[in-house]
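Report on the structure given below.
Just so you know, all these numbers are worked out from the coordinates, no wet-lab data involved. None of the values given here were measured: they were computed from a predicted structure.
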């Protein structure tokens, strides 16, 4: 392609991507009149990257995918899980509301991950962006017993709450459930979580329990 044609193509791309003719002029001004195609293109990239208002044609790669994907937790997740566990809202929804020290939390996590019986299964909830980067947004935990039953709990990081992630995360986690029956214990006042679990297929089981705090039990059965 001739140099004149390449410059013409560049200017066409600029006119499509920018929102006004003033932005085109800005891009051309950013490069000298005798600039090469590479120089003009570099100037265009700098202008677009420095001014979000011009980013019309390009997709926002920071926008995560709709549904979270669970992956097994590792010791490298210790700090993330620790912050999530000590978050005030997480502690308020838990039956153990006290703050933890990181050293104690890490020791607990290491013991759970190395347990050959795998009585505790921990999953990290990820949102995968279009550019392939994965954001850790929460956790799912299964506590298993010997009766082919498990108790599930979830927690989302503060900035990802209220976005509708809880139910799809539960659905995907239940596909990996290590038991035929899964129960959840949720405080009576936590109606938002109760609704999210109900949408994922859980059903109320029995009356309100008074201890360790007033809570309801929700039950999920595989194949129900």
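Observations, loosely collected:
- Cα shape, segment 69-221, gyration tensor, a/c 1.5 rule: rounded
- Taking 0.36 nm per residue of separation and subtracting the current Cα-Cα distance, fully stretching the chain between residue 167 and residue 224 would add 18.8 nm.
- Prolate/oblate/rounded label for segment 145-220 (Cα gyration tensor, a/c 1.5): oblate
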